[in-house]
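Trainee: Would you mind keeping the following structure in view while I ask a few things?
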Number of protein chains: 2
Amino acid sequence: MTDFIKEYHSLKKRKDDIFFMNKAIENANNSDGGPFGAVIIKDKNIISNGNNKVTVDNDPSAHAEIVAIRNACKELNTFNLEGCSIYTSCEPCPMCLAACYWARLDKIYYSNTRVEAANIGFSDDFIYKELEKSNDAKRLPIIKVDNKEAIKTFERWAANTNKVEY
Amino acid sequence: MTDFIKEYHSLKKRKDDIFFMNKAIENANNSDGGPFGAVIIKDKNIISNGNNKVTVDNDPSAHAEIVAIRNACKELNTFNLEGCSIYTSCEPCPMCLAACYWARLDKIYYSNTRVEAANIGFSDDFIYKELEKSNDAKRLPIIKVDNKEAIKTFERWAANTNKVEY
């Protein structure tokens with residue numbers, strides 16, 4: 001590619017990024033829950049929107065990114081969002097970041113940071129720090145209960161040839 | 001307390017733990033998705049059940065713990081599960097662990113480990129390791145898009161006196 005074409009593509013990509021981020025921020029501004037919004041795109045089209053629904057849906061997992069992932073999966077009738085990217089008004093918390101991995105998203109674009117979220121009272125940064133600690137050092141007690149039946153559940157799954165993997 | 005009473009309470013607690021963990025494993029064994037199950041308890045009563053629903057509901061966030069959290073919140077009509085504990089057949093992945101923090105659960109009890117989950121093909125351990133890396137070292141690209149409108153969403157939230165916090 002010539003430098004001119006490279007520069008054109010780079011500017012075009014930047015224009016798209018601004019457009020999709022503006023949509024995510026619009027969803028955050030119109031949110032009926034916390035001030036967070038997201039869109040998921042595929043082939044440069046918005047396939048789903050999401051905003052924080054924790055308090056309105058009584059669902060602690062209903063962050064903007066997870067709402068957008070659920071809506072995108074419904075739209076595309078799949079549990080695998082390979083080929084899709086998410087634009088989110090704020091850096092995903094560990095729950096949403098892990099959800100992006102599970103959903104097999106290609107890329108995450110964000111604007112506000114976890115520290116800015118902490119500054120207005122959200123626990124994102126605190127939870128990131130908790131996850132870095134070993135289980136026995138975490139504020140939330142995580143206790144192993146030995147049960148010899150538990151592993152059999154996994155053994156049956158491993159042996160099952162009819163399973164739907166993800 | 002005398003030693004006898006202490007020992008009685010300890011044995012009783014252990015019996016309860018086994019009972020609730022067996023229920024979580026039962027949910028894992030009867031799962032229509034991945035081999036994971038959970039129960040949430042309050043005052044020694046089971047208030048919700050959950051099993052993995054990722055592939056049957058086309059929802060990458062529908063792990064057993066998150067399904068159980070959503071069901072418990074519906075049951076108690078709240079987004080705050082303080083006073084509740086979760087028993088889960090497997091150590092929560094980072095998504096579910098963070099969801100337990102957001103839901104304000106008191107305690108997590110688990111049986112199978114993240115390494116045992118990895119051994120039958122699940123990404124839990126991989127995602128834990130990814131979360132430990134800085135954003136620019138992660139396998140999933142996480143890109144900051146500067147947008148001066150984004151922070152205004154947070155400023156409006158901070159200034160709003162009618163908001164429902166969580």
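The values are calculated or read from the model by the stated rules, or taken from the named source; none is laboratory data. Here the structure is a predicted model, which is why all the values come from computation and not from measurement. Here Cβ is always computed from backbone atoms with ideal geometry, including for glycine, and neighbour counts include all displayed protein chains.
Trainee: Can you name the residue in the stretch A:130-149 that is of a type in the set (S, T, N, Q) and surrounded by 14 or more Cβ atoms within 10 Å (Cβ to Cβ) and, of all such residues, is farthest from B:Ala99 (Cα to Cα)? I'd like the intermediate steps shown before the answer.
Mentor: Narrowing the stretch A:130-149 to residues of a type in the set (S, T, N, Q): A:134-135, A:147.
Going one step further and asking which of them are surrounded by 14 or more Cβ atoms within 10 Å (Cβ to Cβ), we end up with A:135, A:147.
Numbers: A:Asn135: 15, A:Asn147: 24 Å.
My answer is A:Asn147.
Trainee: Across the stretch B:41-90, what is the total count of residues that are more than 17 Å from B:Met21 (Cα to Cα), part of a loop (DSSP other than H, G, I, E, B) and free of Cβ contacts under 8 Å to residues at least 60 places away in the same chain?
Mentor: 11
Trainee: Select from the stretch B:70-98 the residues that are among the β-branched types (Val, Ile, Thr) and closer than 28 Å to B:Phe126 by Cβ and list them in ascending order.
Mentor: Those that are among the β-branched types (Val, Ile, Thr) and closer than 28 Å to B:Phe126 by Cβ: B:Ile86, B:Thr88.
Trainee: Report every pair of residues separated by at least 6 positions or lying on different chains whose Cβ atoms are under 7 Å apart, first residue within the stretch A:114-141 and of a type in the set (Ser, Thr, Tyr), second at pLDDT below 95.
Mentor: Hits for this filter: A:Tyr128/A:Arg114.
Trainee: Only one of these conditions is not met by A:His9: (1) within 20 Å of A:Glu116 (Cα to Cα); (2) away from chain B (no Cβ under 12 Å). Which number is it?
Mentor: For A:His9, the exception is condition (1).
Trainee: Okay, next question. Among residues belonging to the stretch A:46-78 that are touching an Asp or Glu at 6+ places or on another chain (Cβ under 7 Å) and facing chain B (nearest Cβ under 9 Å), point out the one that is surrounded by the most Cβ atoms within 10 Å (Cβ to Cβ).
Mentor: Per the criteria, the residue is A:Cys73.
Trainee: A:Lys23 passes all but one of (1) within 12 Å of chain B (Cβ to nearest Cβ); (2) crowded, with 22+ Cβ neighbours inside 10 Å; which number fails?
Mentor: Only one criterion is unmet by A:Lys23, namely (2).
Trainee: Checking B:Leu140 against (1) modelled with pLDDT of 95 or more; (2) in a loop (DSSP other than H, G, I, E, B); (3) more than 8 Å from every other protein chain (Cβ to nearest Cβ), only one condition comes out false. Which one?
Mentor: With (1) modelled with pLDDT of 95 or more; (2) in a loop (DSSP other than H, G, I, E, B); (3) more than 8 Å from every other protein chain (Cβ to nearest Cβ) applied to B:Leu140, the lone miss is (3).
Trainee: Another question about this same structure. Give me the pairs, please: first residue somewhere in the stretch B:143-166 and closer than 16 Å to A:Ala117 by Cβ and at pLDDT below 95, second residue anywhere and exposed (fewer than 11 other Cβ atoms within 10 Å of the Cβ) and hydrophobic (A, V, I, L, M, F, W, C), beta-carbon distance under 6 Å, and either six or more positions apart or on two chains.
Mentor: From the stretch B:143-166, no pairs qualify.
Trainee: Right, another one. Quick one: in the stretch A:106-129, which of the residues that are of a type outside the set (Gly, Ala, Ser) and within 7 Å of another protein chain (Cβ to nearest Cβ) is surrounded by the fewest Cβ atoms within 10 Å (Cβ to Cβ)?
Mentor: Here is the first cut: in the stretch A:106-129, the ones of a type outside the set (Gly, Ala, Ser) are A:106-110, A:112-116, A:119-120, A:122, A:124-129.
Narrowing the set further to residues that are within 7 Å of another protein chain (Cβ to nearest Cβ) leaves A:107-110, A:112, A:116, A:120, A:127.
Working: A:Lys107: 14, A:Ile108: 24, A:Tyr109: 22, A:Tyr110: 25, A:Asn112: 25, A:Glu116: 18, A:Ile120: 18, A:Ile127: 23.
Going through the qualifying residues, I end up with A:Lys107.
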